[in-house]
Amino acid sequence: VRGPSALDVQEVSAFYGTSQALFDVSLLVPATGGLAVLGRNGAGKTTLMKTIAGEMKAATGRMFLGKSEITALPTEQRIRSGIGYVPQEGAVFAKLSVRENLKVGSLMKPKSDAMDRVMAMFPKLGTRLDQQAGTLSGGERKMLAVGRALLGEPRLLILDEPTEGVWIGVIEELADRLGELSKTMALIIVEQHLDLALRVATHALVMARGRVVLEGGAGEIGSHPELLRYLAP
Ligand code: ATP
C-alpha cells in the first residue's frame, strides 16, 4: 500500500473463549482502491471483520482508523468515527420499508447529498422505497445494506461477502458498482469469488487458519503460485 492508509491493523489476535481465531493479523487498507480478503471457509475472514468493526474484542494488537486509534472503542463509536460495516447476514430490518431502512442509515448525518448518490448507484432501490425490506430479492437486500452503510458517509466500508445469496445475473451489476465505489473510498471486501474480488479491489490478502498467508497487489495475488493451495476446499 502506497500513500496514507485508511486503516492500519497491527498484530491483532482474537479468541472465541479459549479457542484462538486470529493470530497476529496485520494489514493496511489503502485510502482508495480497496482490499480484498480471501480464504476458504473458516479461515477467519468474518472474525477479522468483526474485530475491526468492534463486535469482537482484540486480545492483542492495535488498530488505527486514519490517525486515530480505535482498538478500545465500542462498535457504536467506531461507526461514528467512520466505519461502515455490512455484515455477512446483510442486516436490513425486514419489517421496515426500504425508505425506513435508509433513514436509519442517515440518522447521524442527515444533511448531505448522500441519498442522491445512493439512489444513482442503485436505481432499483429507488423504485422500491415503500416495499418491505424482507420481501426484497437477495441482491436488492445487499444493495440496501450497502446503501444504508453509505448514508452514514463512512471513511471505510467493510463488506462481508456482499455477493453471497445474490442471483448470478445481479452479481455483475453489484460488482461493477462496488468497483466504482472502491475507486473513490477505502473499502474491504470479503469475497469467495476470486475473479470478482480482484475486480473490485487493487490489493488483496489471503487468510488461512487465522493468519495472513499472502498479501500484495490484486494482480500479483491473483496469479500467485500458492493461491489455489489456500483457496481450494
Ligand atoms: P466463512 O467464509 O465460512 O464465513 P470465515 O473465513 O469468515 O469463514 P470465520 O467465520 O471467521 O471464518 O471463522 C474462523 C474460525 O472461528 C473457524 O474455525 C470458526 O469455526 C470459528 N468460529 C467462528 N465463529 C465462532 C463462534 N461464535 N464461536 C466459536 N468459534 C467460532
Review point. When the label point is put 7 Å from the Cα of Glu89 along its Cα-to-beta-carbon vector, which residues of region 41-60 have a backbone N closer than 17 Å?
Key: 46-51, 53-57
Review point. Quick one: which of Lys57/Lys124; Lys67/Lys183; Lys67/Lys103; Lys124/Lys183 span more than 26 angstrom between C-alpha atoms?
Key: Lys57/Lys124; Lys67/Lys103
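How big is the convex hull of the Cα atoms of region 118-206, per residue, in Å³?
Enclosed volume per residue, from the Cα hull, is 95 Å³.
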Review point. Which Rg and Dmax, in Å, describe the Cα atoms of the chain?
Key: 17.0, 49
Exercise for review: Would you work out what percent of the accessible area of region 2-107, with all protein chains in place, is carbon or sulfur (probe 1.4 Å)?
Suggested key: 53 percent
Exercise for review: Enter the angle in degrees (range 0 to 90, nearest 10) between the Cα long axis of helix 138-151 and the first principal axis of the Cα atoms of the chain, meaning the one along which they spread out most.
Suggested key: 90 degrees
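How much accessible area per residue does the chain have, in Å², with a 1.4 Å probe?
About 48 Å² of surface per residue is accessible.
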Revision key, fill the gap. With Cα coordinates, the longest principal axis of the chain makes an angle with the long axis of helix 168-184, in degrees rounded to 10, of 80 degrees
**Study point:** Bins of 5 Å from zero: percent of alpha-carbon pairs in region 31-90
**Key:** 4, 16, 26, 26, 19, 8, 1
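Using the Kirkwood radius built from alpha carbon pairs, what does the Stokes-Einstein equation give as D for region 1-128 at 25 °C and 0.890 mPa s, in µm² per second? List each step's numbers first, then the result.
Working: Rh = 16.6 Å.
This corresponds to a translational diffusion coefficient of 148 µm²/s.
Of the listed peptides 185-191, 20-26, 42-48, 225-231, what is their order by residue-averaged count of other C-beta atoms within 10 Å, with the highest listed first? Intermediate results must be reported in sequence, preceding the final value.
Values: 185-191: 24.7, 20-26: 18.4, 42-48: 21.3, 225-231: 12.6.
My ranking of the peptides, most packed first, is 185-191, 42-48, 20-26, 225-231.
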Revision key, fill the gap. Descending packing, highest mean Cβ count within 10 Å first, for 151-163, 122-134 is 151-163, 122-134
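The values are calculated or read from the model by the stated rules, or taken from the named source; none is laboratory data. The structure displayed is predicted, hence computed values, not measured ones. Ideal geometry is used to build each Cβ from the backbone, glycine not excepted, and the neighbour counts take in all protein chains shown. The area values use the complete protein model at the heavy-atom level, side chains included, leaving out ligands, DNA and RNA. Shrake-Rupley method; radii C 1.70, N 1.55, O 1.52, S 1.80 Å.
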